[in-house]
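I have placed the structure first, in the form of structure tokens, so that the comments after it can refer back to it.
Here, each number is a calculation from the coordinates, and none is a lab measurement. Computed from a predicted model, the values in this text were never measured in an experiment. Ideal geometry is used to build each Cβ from the backbone, glycine not excepted, and the neighbour counts take in all protein chains shown.
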Amino acid sequence: MDVVIAGGHGKIGRRLARLLLARGDRVRGLIRNPDHQGDLREDGSEPVVCDLESASAEQVAEAIAGADAVVFAAGAGPGSGAERKLTMDRDGAVKLVEAARSAGATRYVIVSSVGAESPPGDDDVFSVYLRAKAEADRAVMDSDRDWTVVRPGMLTDDPGTGRARIQSEPVRAEVSRDDVAAVLAAVVDESRAVGKVLYVVGGDDPIEDALVAAIA
């Protein structure tokens, strides 16, 4: 499978890339900073310098040409203001939908967040972030791509357990980035996950079993 990860240098993006590469997939990582190319090459993935905020949809389509699947794991990141939550977390995801359509990438997986199902309406930066995620999710769900929305709980850098709780209803708890990456790797080539919104937190069930139960 040929997979492009938007946010290829991110904490989830690099973890996901290593899992996909280990099973033989081709992985390209979209990155904004050219200085990050070496890190991706060390992982074994192919860096593609393409700033989702400034590039046109046509330019992004060129960058992902030939992809079977795209994973939106990009984000403005902690410390960024409300404006970048909109231009990156929302508009970047929407632009990737347009690019995926133009490039013929049928599979689209977006990393969202618990709370995006009912975001608050105030001007707090985190509230703006959740609204941006909600609007991005809606654009993906309204598209003609084979989409899956993954909404993890509070992310940690704890070592992965290979286990998770995955369900279609909101749940708030911690989950390691390792385990979120493992869920994404399982989801991206799982046809039964198409059209699903999946909440992911730490749990007791092996990830493959938890995913099968959630999409059954």
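In a fully extended conformation the segment linking residue 161 and residue 205 would gain 14.9 nm over its present Cα-Cα distance, using 0.36 nm per residue. Just checking the listed ones, 85, 133, 196: in the Gaussian network model of the chain with Cα springs under 10 Å, the one fluctuating most is 196. The Cβ shell under 10 Å around residue 114 holds other residues with a net charge of +2, Lys and Arg each +1, Asp and Glu each -1. Within the stretch 1-51, the trypsin sites (Lys or Arg not before Pro) that combine a DSSP coil assignment with at most 13 other C-beta atoms in a 10 angstrom radius are 23.
Other residues lying with their Cβ under 15 Å from the Cβ of residue 205 contribute a combined charge of -2, Lys and Arg counting +1, Asp and Glu -1. Taking label points 7 Å from Cα along the Cα-to-Cβ direction, residue 171 and residue 1 give a separation of 2.2 nm. Take every Cα pair under 8 Å whose residues are at least 6 apart in sequence, average their separation, divide by the length of the stretch 2-215, and the relative contact order is 18 percent. Counting Lys and Arg as +1 and Asp and Glu as -1 over every other residue whose Cβ lies under 12 Å from the Cβ of residue 95, the net charge comes to -4. Were the residues from residue 125 through residue 98 laid out at 0.36 nm apart, the gain over their Cα-Cα distance would be 7.1 nm.
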